[in-house]
Structures are given as C-alpha cells and as structure tokens.
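These notes are about the structure you will find just below.
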Amino acid sequence: MRRFLHFAFLAPIALAAIAGKAVAQPTIDGEIANRVALIEGAPDTDARIESAAHLAEYIASRGPVEISNIDPPVIDEMAELLNDGEDWVRFYVAASLGFLGPSARRAIPALEKALARGEPPRDVLPGQTRIFAGINSAHAICAAFEKIDLSRVPSNCRGYR
C-alpha cells in the first residue's frame with residue numbers, strides 16, 4: 001500500500017512536468033514561422049533587418065538534425081521574404097535558407113529570382129563593422145546555393161566566392 005501511495009503522489013507531478021515542457025517548447029518549424037511573421041509585421045526597415053538577422057542567428061544555432069526536415073510551407077514563407085524591398089533583409093533570409101541546407105531546395109526558384117535583381121553592394125549599417133562594406137544579398141544568395149544544392153549554383157555566382 002505504501003508504494004502505491006508514493007506512486008499516486010508522484011505520478012500527477014511527473015505528468016504535470018512533462019505536459020508543461022511540451023507546451024513551453026515550440027517546434028523548430030513553429031519558431032521559424034514566428035520569426036518570419038515578426039519580419040513581415042515589423043513596423044519599419046530597421047526592425048525588419050534586425051528580425052531577419054535574428055532569424056539567421058536562430059537557424060545557424062540549430063543542429064543539423066533539427067533543420068533537416070523543415071516543413072515545406074515554412075520554407076515557402078521564408079522564400080517569400082526574398083521579395084522584400086530591403087537588400088539586407090534579403091541577405092539575412094538567403095543566409096537563413098543556406099543554413100537550412102538541402103531541406104531548403106524548394107526555395108531555389110526564389111533565390112534565382114532574388115539573385116537576378118542585381119543589387120549594388122550596400123554601405124555598412126550603423127553598428128556593423130567595416131567587414132560588411134561592399135557586401136549585398138547576392139553574396140548570401142550564392143552561399144545559399146552552395147549549401148542547398150551545389151549542382152544548382154548559377155554561373156554568375158563565381159564572382160562572389
């Protein structure tokens with residue numbers, strides 16, 4: 001009887017702890033979708049750039065197993081951001097797609113379209129080091145092609161290596 005009471009007392013606590021953890025930790029797909037929504041809903045250009053940089057940092061910090069199977073609609077939402085009017089947003093989104101590697105293959109047409117824009121290199125943003133001078137989204141797009149599917153790297157990416 002004593003063992004049963006001990007189990008009866010601890011079981012609800014253990015179940016509550018398990019349930020609490022399941023609710024507290026969103027899936028990686030959900031987290032990426034939330035971060036994409038932050039970019040889309042940002043009130044101004046600086047906030048979009050910052051949110052896009054945070055997306056890239058988040059994905060880069062994940063392990064290969066975590067990012068190997070991102071849901072197609074999440075990839076599509078990210079690829080839509082390559083139409084953003086701000087080159088730095090496109091830079092960070094392309095970097096994010098590159099960090100996803102082969103699981104982002106479906107974004108290749110959007111990457112090709114973004115590369116065709118032919119943006120000139122951008123100035124350094126406030127707070128950035130001079131290392132970013134002369135870089136534009138084409139650099140990140142070409143790097144993304146190399147990480148996603150090396151056989152699909154456009155010939156005009158040779159100048160960005």
- So, in region 79-123, of the ones that are within 16 Å of residue 47 (Cα to Cα) and of a type in the set (Val, Ile, Thr), which residue ends up modelled with the highest pLDDT? 93
- Item | Hey, residue 59 at pLDDT 95 or above and either open to solvent by 60 Å² or more (accessible area, probe 1.4 Å) or not aromatic (Phe, Trp, Tyr) (or both) or not | yes
- Task: Inspect region 131-145 for any residue being assigned to a helix (DSSP H, G or I), more than 19 Å from residue 48 (Cβ to Cβ) and modelled with pLDDT under 85 and give the result as yes or no.
- Result: yes
- Based on what the data block shows, is residue 50 touching an Asp or Glu at 6+ places or on another chain (Cβ under 9 Å) and open to solvent by 60 Å² or more (accessible area, probe 1.4 Å)? no
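The values are calculated or read from the model by the stated rules, or taken from the named source; none is laboratory data. The structure presented is a predicted model; accordingly, all values stated were derived computationally and were not measured. Cβ sites come from the backbone with ideal geometry, for glycine too, and all protein chains shown count toward neighbours. All accessible areas refer to the heavy atoms of the entire protein, side chains included, with ligands and DNA or RNA removed. Shrake-Rupley method; radii C 1.70, N 1.55, O 1.52, S 1.80 Å.
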